[in-house]
Amino acid sequence: MCRRKGAHRSSIKHTMTEYGRFYIPKAMWFFTVNLAERKNNHLLTDKIDELRDAFRSVKQHEPLHVDANIIMPDHLHSTAWMQEV
């Protein structure tokens, strides 16, 4: 993300289509996914089996290799890279 010099991070608004996407073979990605409603929300751990099924489904249809997932009640962290097809 490019920021204007001196601009505070919270003052910059972007939509998903404004973010740059880099297509680098075998690049590893670290990402975090937060639930929209985080306070007292345990959805990800309460529905862990469904979340595992979703990851398996994606891996069956995409050349994705997940090195690690850290699942918290209201967010998750993951490291993944796209395998060559």
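Being exposed (fewer than 14 other Cβ atoms within 10 Å of the Cβ) and among the basic types (Lys, Arg) is a property that Lys26 has. For segment 40-57, state whether one or more residues are outside any helix (DSSP H, G or I), open to solvent by 40 Å² or more (accessible area, probe 1.4 Å) and touching a strand residue (DSSP E or B) at 6+ places or on another chain (Cβ under 8 Å). No, segment 40-57 has no match at all. Filtering segment 70-85 down to residues that are farther than 20 Å from Lys26 by Cβ and touching a residue at least 12 places away in the same chain (Cβ under 8 Å), which residue is least open to solvent (accessible area, probe 1.4 Å)? Out of the qualifying residues, it is Leu76. Of everything listed in (1) at pLDDT below 95; (2) in a helix (DSSP H, G or I); (3) charged (D, E, K, R), the single unmet condition for Lys26 is (2). Answer yes if at least one residue in segment 5-21 is more than 14 Å from the chain's Cα centre (by Cα), modelled with pLDDT of 65 or more and open to solvent by 100 Å² or more (accessible area, probe 1.4 Å), and no otherwise. Scanning segment 5-21 turns up no residue that is more than 14 Å from the chain's Cα centre (by Cα), modelled with pLDDT of 65 or more and open to solvent by 100 Å² or more (accessible area, probe 1.4 Å).
The values are calculated or read from the model by the stated rules, or taken from the named source; none is laboratory data. All values derive from a computational prediction rather than experimental measurement. Using ideal geometry, Cβ is built from the backbone for each residue, glycine included, and neighbour counts are taken over all protein chains shown. The protein model used for the area step is the full one, side chains on, heavy atoms only, and it has no ligands, DNA or RNA in it. Shrake-Rupley method; radii C 1.70, N 1.55, O 1.52, S 1.80 Å.
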